[in-house]
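> Before we start, here is the structure in question, set down as structure tokens.
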Amino acid sequence: MSHALFENIYVEKNAASDAVTLRILERLGCSDPEYIVHYKDVFDLRKEGCASGRSLILARNPGKHLYEGAPVCQSFGNEHFYYSPGVMNCIYDCEYCFLKGMYPGRDICIFTDIEETFAEIEKLEKDFPVYVCASYNTDLNALESITGFVSEWCREALEHENISVELRTKCSRTDIYKNLPVSQRAIFAFTLSPDEVTERFEKGTPGLSERIGAVNAAMEAGFPVRLCFDPMIYFRNWEDSYTAMIDKVASSVDLSKVRDISIGSFRISDQYLKNMRKKFPESEVVQYPYVCVSGYYQYPDKVRIRMEDHIKGLIAGKCPGALIYDWR
Ligand code: SF4
């Protein structure tokens with residue numbers, strides 16, 4: 001069965017009667033998915049570039065439902081920082097995305113046992129406040145009309161005082177926020193990029209104006225909003241492009257109402273970058289001569305510091321009291 005977004009829809013037999021599976025199939029208007037024994041029978045076999053489209057796989061998560069955050073991810077001052085691998089892969093196609101080094105192809109696998117994830121977090125929150133990045137391996141907002149997971153995460157945060165959730169996104173949808181359970185523990189984090197970066201390196205993602213529209217919609221609905229100028233990408237005209245972007249953001253968003261701002265230049269684990277360099281020999285962003293520091297590739301200090309200081313200075317100029325988190 002094909003769908004506008006997916007060339008095939010597969011369902012693991014043991015997930016066939018899960019409520020999430022039935023909901024997603026109904027939303028996609030799919031009554032005849034192909035049944036498989038294990039998601040890896042499809043997900044691990046379809047290599048990048050081998051197939052024209054992407055498939056959707058609905059499966060149970062046989063592994064961990066929560067992982068501790070990686071050192072290059074920002075914890076935003078949260079001591080107990082986790083991420084959830086509830087959906088693997090993204091409908092967008094950013095050239096620099098670490099998922100391209102992590103997963104073999106473009107297929108998206110949605111784990112239907114989200115209740116198991118919530119049960120695990122609820123066990124932890126009895127002992128300490130838990131902060132979870134729910135959109136770590138995907139963009140949940142962009143999949144909301146299919147999964148409904150953004151709504152479930154917001155409800156989880158609303159109902160549990162010790163659970164905070166970050167939903168990071170490049171999605172421009174403005175219609176979802178007014179229907180979500182609002183709380184100060186569900187943080188929408190919007191990655192904002194200059195249009196030149198989006199056009200060159202963030203295939204399929206909305207432009208800056210559209211993302212700003214979503215930022216304002218989330219704030220109007222009462223959600224705390226984080227602006228992420230991360231990852232910053234180096235290219236010939238980076239300085240002018242990032243300056244123009246901050247001018248535009250400052251003139252269209254009330255920065256005094258933004259919860260906080262995250263900045264960071266591109267960095268990636270050495271193994272993911274090695275995988276990506278084999279797959280994408282022509283990619284400017286993947287083949288850049290990064291330096292490896294403690295297992296992570298990043299821009300040489302001279303470039304990195306200049307970029308990060310530049311954007312910090314711009315933000316401080318527009319919003320002197322802004323709470324800025326730096327990935328270092
Ligand atoms: S939106 Fe995020 S998760 Fe999706 S491809 Fe781009 S960088 Fe990766």
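The values are calculated or read from the model by the stated rules, or taken from the named source; none is laboratory data. It should be emphasised that the depicted structure is a prediction, and the values quoted were computed from it without experimental measurement. Neighbour counts run over all protein chains shown; Cβ positions are idealised from the backbone, glycine included.
> Which condition number in (1) modelled with pLDDT under 95; (2) surrounded by fewer than 19 Cβ atoms within 10 Å (Cβ to Cβ) is the one that Phe43 fails?
The number of the failed condition is (2).
> Next up: Would you confirm, using the coordinates I've provided, whether Tyr297 is closer than 18 Å to Ala70 by Cα, in a strand (DSSP E or B) and of a type outside the set (D, E, K, R)?
So Tyr297 passes the test.
> While we're looking at this one, here's another question. Mind checking which residues of the stretch 105-139 are in contact with a Ser or Thr (Cβ under 7 Å, 6 or more places away or on another chain) and closer than 26 Å to Asp41 by Cα?
Asp107, Ile110, Thr112, Thr117, Ala134, Ser135, Tyr136, Asp139
> Separate question: Restricting to helices (runs of 4 or more DSSP H) lying wholly in the stretch 82-159: which have 1 or more residues that are within 13 Å of the ligand (Cβ to nearest atom) and at pLDDT 95 or above?
99-102
> Scanning the stretch 98-153 for residues that are crowded, with 21+ Cβ neighbours inside 10 Å and touching a His at 6+ places or on another chain (Cβ under 6 Å), which turns out nearest to Leu5 (Cα to Cα)?
Of everything passing the filter in the stretch 98-153, Thr117 is nearest to Leu5 (Cα to Cα).
> Something else about it: Of all residues in the stretch 257-281, which are buried (at least 19 other Cβ atoms within 10 Å of the Cβ) and of a type in the set (D, E, K, R)?
Arg267
> Could you please find all residues in the stretch 213-243 being surrounded by fewer than 21 Cβ atoms within 10 Å (Cβ to Cβ), assigned to a helix (DSSP H, G or I) and either in contact with a Phe, Trp or Tyr (Cβ under 6 Å, 6 or more places away or on another chain) or not charged (D, E, K, R) (or both)?
Once the filter is applied, which keeps residues that are surrounded by fewer than 21 Cβ atoms within 10 Å (Cβ to Cβ), assigned to a helix (DSSP H, G or I) and either in contact with a Phe, Trp or Tyr (Cβ under 6 Å, 6 or more places away or on another chain) or not charged (D, E, K, R) (or both), the stretch 213-243 yields Gly213, Asn216, Ala217, Met219, Trp238, Ser241, Thr243.
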